[in-house]
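Here the structure is laid out as structure tokens; the discussion comes afterwards.
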Amino acid sequence: MAEETNITLVNDGKVLGHTEVNPSVLEVIAGIAASEIDGVIKMQSSIGNQVSELFGHVEHGKGVKVSMNDDVIIFDVYVYLEYGVSVPKVSLKLQEHIKSQISAMTDLTVAEINIHVEGIVPQKADQQLDPNNLFGDDEEEKGE
């Protein structure tokens, strides 16, 4: 969950006012960027996120925490990776892509992007269901 203090974007003096960005916006940007990386299966979510998803609401900022320390922005990203991927390579791609997207969309400088691999998800085996034998009863009867 993002802190409640908005982040003021630096302007070049040509604009008439200032722009503030809520840290939850940065969480959404980082969450979408993370989900675009091959090897990332899903982001860590809370019980509240899971209940919201049951009702069709997708939370793009889940699995991302933004914190500010002395005008330094720190991201903590919690992911589940696909079995068989190189964890260091995927983590580096995550850091580079998130940093790139945050910089391109907000002109903010990111100090740290910490990747927390919460788990590895095995690939699902393709199972063919026989509509005439949904419970596998025929195989057991033949074996007896």
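Numbers for the structure displayed
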read-out	value
Residue that is of a type in the set (Lys, Arg) and either within 21 Å of ASN6 (Cβ to Cβ) or at pLDDT below 75 (or both), where the choices are LYS42, LYS89, LYS93, LYS65	LYS65
Single unsatisfied condition, VAL79 versus (1) surrounded by 12 or more Cβ atoms within 10 Å (Cβ to Cβ); (2) at pLDDT 90 or above; (3) assigned to a loop (DSSP other than H, G, I, E, B)	(3)
Subset tally (residues that are among the hydrophobic types (A, V, I, L, M, F, W, C) and either assigned to a loop (DSSP other than H, G, I, E, B) or within 9 Å of PHE75 (Cβ to Cβ) (or both)) for region 91-110	4
Options ILE37, ILE7; residue that is at pLDDT 60 or above, buried (at least 17 other Cβ atoms within 10 Å of the Cβ) and more than 16 Å from LEU94 (Cβ to Cβ)	ILE7
Condition met for ILE47 (modelled with pLDDT of 90 or more and either touching a Leu at 6+ places or on another chain (Cβ under 7 Å) or farther than 28 Å from GLU20 by Cα (or both))	no
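The values are calculated or read from the model by the stated rules, or taken from the named source; none is laboratory data. No experiment lies behind these values; they were computed from the predicted model shown. Virtual Cβ from ideal backbone geometry, glycine too; neighbours counted across all protein chains shown.
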